[in-house]
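Readers should treat all values here as calculations from the given coordinates under stated rules, not as data from a laboratory. Quick caveat, the model's predicted, so the values are computed rather than measured. Don't worry about glycine lacking a Cβ; one is built from the backbone with ideal geometry, like all the others, and counts go over all protein chains shown.
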Amino acid sequence: MKRSVFSLIFLLSSIALLSQELSTSSSRAERFFRSGIRQFELLNHEEALELFKRAISADRDFYEAYLLAGDVCFDMEQYREAVSYFEKAVSLDPDFYPPAYYSMGNAWLAVGEYEQARDSYNRLAAHPDVPERHREMAEQQIKKCDFAIHAVNNPVPFDPVDIGPAINTGDDEYWPTLTADEQTLVFTRQIKRNPAGSRVPANLREDFYVSYYQEDEWSKAENIGPPLNSDLNEGAPSLTADGRKIYFTACNRADGKGSCDIYAAERSGTGWGEPVNLGSPVNTAAWEAQPSISSDGEILYFTSNRGGGEGKMDLWYSQLGEDDRWGTPVNLGEVINTEGNEMSPFIHPDNRTLYFSSDGHVGLGGYDLFVTRRDEKGNWSEPENLGYPLNTHYDEIGLIVNARGDRAYFASDRMSGEVRDIYSFELHPAIRPLEVSYMKGTVFDADSRQRLYASFELVDLLTAETVIRSWSDPGTGEFLVPITTGRDYALNVSSSGYLFYSDHFSLSGFAHQTDPYLKDIPLHPIKTGERTILRNIFFEFDSYELKPESLVELEKLTEFMNSNPGIRIKINGHTDNIGDPEYNMELSLRRAGAVAGYLAGSGIDESRIEYEGYGETMPLATNETEEGRAENRRTEFEITGNQPD
């Protein structure tokens, strides 16, 4: 909890009182009071409080001393003591300084006593001598109290579980980030520079630690080491869905643009590369921090107090351009950002659901956690408070949600009352994101079994929108591609010198499909006789008319032909055994011809294209089941010649 806006107003007003007649006639009390003001200005809170207490001892009816003693206690987070000082002040003279009711309301709010806080704000709003601006501020706080009272009386399911001693220790652990398969957890731990020293700021450093989920439990977290960790502080990490890239905050570095900047690093095999400052226009002379990278790696959300925002700290995003440079950041707008502070964004792997913290939206006091959802037009919904007791009168900052959308992770000292630890809990359905599954495996050469670096494209078949672009690890060939349920996708995997691989995910009819697809992908070298199935070529029923969903695959095939001008291909059509064999042969021929015709119409020289129909004569699976028949109904292309450049 930080000093309130009204507290600052009161401080300035109180200092102005020094040139006016004070409510005390005791010169001794006045001397203590004036000395306390000077210490308060210097932020020497303990000294200031002691001087105000002496002023009160010298004059038990010294109104201003009670007010500033309350303000000092508020700044020191001694909220109940602050309440007692404010109550004493207004009991001496209810009309001396009406804004004192606002300060008292804030103190009550800080301890979660919402009825008393609302009463204090109501007394300010009803006072006849209050400026309209002050009345509006009180009415805004009354809304918070009303919301909080309703929330406390209507709690949401919330049962946080300590994720275990392998991660949580006697140090502070916070800012977790998780891969889409929930197998890798990276977090920040605040450790002592000198283990024998005390926990004073100068002896503390923030480092990244990593833990892996193995055999139904988290492994003992280990320091992630250089080059990610340094002698300085690193914090607020955000992993890409596959865990191969990390974005994080670092402050006061030699290559920094401002006090805190956003950095990124990539992992190849088992090692991390050197972190790189994202530079302009993401980082500025202002404060940029708390990054959250979208699952496709193309939108970076972050917190900044840069100019042009709606309030103090705002949420911004930057889009990755085709030149792999980050674009000029865009403010998320007034639906999300307020005159207050918005912090700790987390974009779920569904790329539509955003969680964040705010002290500007109506909540239970301090920072609360909220969720907002982006529609098909790119508009964000009105933020929804995640509810009590997930949110309380304390500050709740930082929440992540797993890809499946049913479990959240956050850090808190609420349960232990000591250090911050990381907890997980089941997310109640009303605030869940879309469910996300994933495809995971290894890409390799079908002949040599050598691991391959390959590109992945996941494309929405209905809109032809590329949803995910990703790459397998150059060293291990491993990949992880998140897949959001509720849509139909084409997956294309490509590597130079190889036939591309295609797959199809039909998830539009599934409300729940979170089981992962575990699949290794062999890529076949480009050579005569090699063939690959075009799994995303679709025809109308009992027809050779291509469906619109086929355009994604047809364009990929066209691109492949253009990238390999020396190859010649044959399009092969196949059917199942339902119906007349001669009819099936003719249908398969016409379907193969439709694909060949598309390629020719796209500018591919007809001399490079043949086509043939095989009907039901070359099945890949049994025709006794629907699954088998579906596999047999296919279109493929075969390399018939390859003249290298």
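Charge tally for ILE578 (other residues, Cβ to Cβ under 11 Å; Lys, Arg +1; Asp, Glu -1): -3. Lysines within cross-link reach of LYS143: Cα-Cα under 22 Å, excluding same-chain residues under 8 positions apart? Excluding near neighbours in sequence, the set is LYS2, LYS312. The residues packed around GLU339, meaning those with a beta-carbon under 9 Å from its beta-carbon, carry a net charge of 0 if Lys and Arg are +1 and Asp and Glu are -1.
What does the extension gain come out to for ASP95 and SER230, with contour length at 0.36 nm per residue minus their alpha carbon separation? Net length gain for the segment: 43.0 nm. In order along segment 139-147, phi translates into HN-Hα couplings of 5, 5, 5, 4, 4, 4, 5, 4, 4 Hz, rounded to whole numbers, per the Karplus curve 6.51 cos²θ - 1.76 cosθ + 1.60 with θ = phi - 60° and x for Gly and Pro. What angle do you read, to the nearest 10 degrees and between 0 and 90, between the alpha-carbon axis of helix 551-563 and the longest principal axis of the chain? So the inclination is approximately 70 degrees. Over the residues of the chain, the helix contribution to mean residue ellipticity at 222 nm works out to -7500 deg cm²/dmol, using -39500 (n - 2.57) for each DSSP H run of at least 4. Toward the positive end of the charge dipole of the chain, with +1 on the Cβ of Lys and Arg and -1 on the Cβ of Asp and Glu, the farthest Cα among SER268, ALA58, PRO291 is that of ALA58.
If you line up the long axis of helix 581-601 against the longest principal axis of the chain, both from Cα atoms, how many degrees apart are they, to the nearest 10? Value to nearest ten degrees: 60.
Using only Cα atoms and rounding to the nearest 10 degrees, what angle (0 to 90) does helix 5-16 make with the longest principal axis of the chain? Tilt of helix 5-16: around 30 degrees. Calculate the length of the line joining the C-alpha centroid of segment 191-254 to that of segment 141-162, in whole Å. Answer, in whole Å: 33. With 22 Å as the cut-off, how large is the P(r) tail for segment 5-153, expressed as percent of Cα-Cα pairs? Roughly 37 percent, rounded to a whole number.
Converting phi to 3J(HN,Hα) with the Karplus coefficients 6.51, -1.76 and 1.60 and the offset θ = phi - 60°, segment 477-492 yields x, 6, 8, 8, 10, x, 9, 7, 6, x, 9, 9, 10, 9, 10, 10 Hz in sequence order, with x at every glycine or proline. The protection proxy used here, the mean number of other Cβ atoms lying within 10 Å of each residue, ranks peptides 90-98, 434-442 as follows, highest first: 434-442, 90-98. Between amide H atoms placed 1.01 Å from N, distances below 5 Å from ILE468 occur with LEU458, all of them 5 or more places distant or on a separate chain. Shown for the chain: cysteine residues without a partner Cβ closer than 4.7 Å, namely CYS73, CYS145. For VAL493, VAL419, the sequence from fewest to most other C-beta atoms within 10 Å is VAL419, VAL493. Only lysines eight or more places from LYS88 in sequence, or on another chain, were considered; those with a Cα closer than 20 Å are LYS53.
Projecting label points 7 angstrom from Cα along Cα→Cβ for ASP542 and THR466 puts them 4.0 nm apart. Database remark: amide H of GLY327 closer than 5 angstrom to the amide H of GLN319, LEU320, GLY321 (H placed geometrically; neighbours at sequence offset of 5 or more, or on other chains; Pro and chain starts carry no H).
Show log10 I(q)/I(0) for the chain at q = 0.05 Å⁻¹, two decimals, from a solvent-free Debye sum over equal Cα scatterers. Taking Cα atoms of the chain as identical point scatterers yields -0.33. Simple point charges give the picture: +1 on the Cβ of Lys and Arg, -1 on the Cβ of Asp and Glu, and for the chain a dipole about the Cα centre of about 1620 debye. Taking the fewest neighbouring Cβ atoms within 10 Å as the starting point, the ordered list for MET76, MET585, MET313 is MET76, MET585, MET313. Computed over segment 171-431, relative contact order equals 13 percent, with contacts defined as Cα pairs under 8 Å that lie 6+ residues apart. Converting phi to 3J(HN,Hα) with the Karplus coefficients 6.51, -1.76 and 1.60 and the offset θ = phi - 60°, segment 211-219 yields 9, 10, 7, 9, 6, 6, 7, 7, 6 Hz in sequence order, with x at every glycine or proline. Taking amide H as placed 1.01 Å from N in the peptide plane, GLY441 has its amide H under 5 Å from the amide H of PHE479, LYS519, each at least 5 places away in sequence or on another chain.
Residue pairs exceeding 31 angstrom between C-alpha atoms, taken from LYS144/LYS245; LYS220/LYS440; LYS144/LYS220; LYS220/LYS519; LYS245/LYS570: LYS144/LYS245; LYS144/LYS220; LYS245/LYS570.
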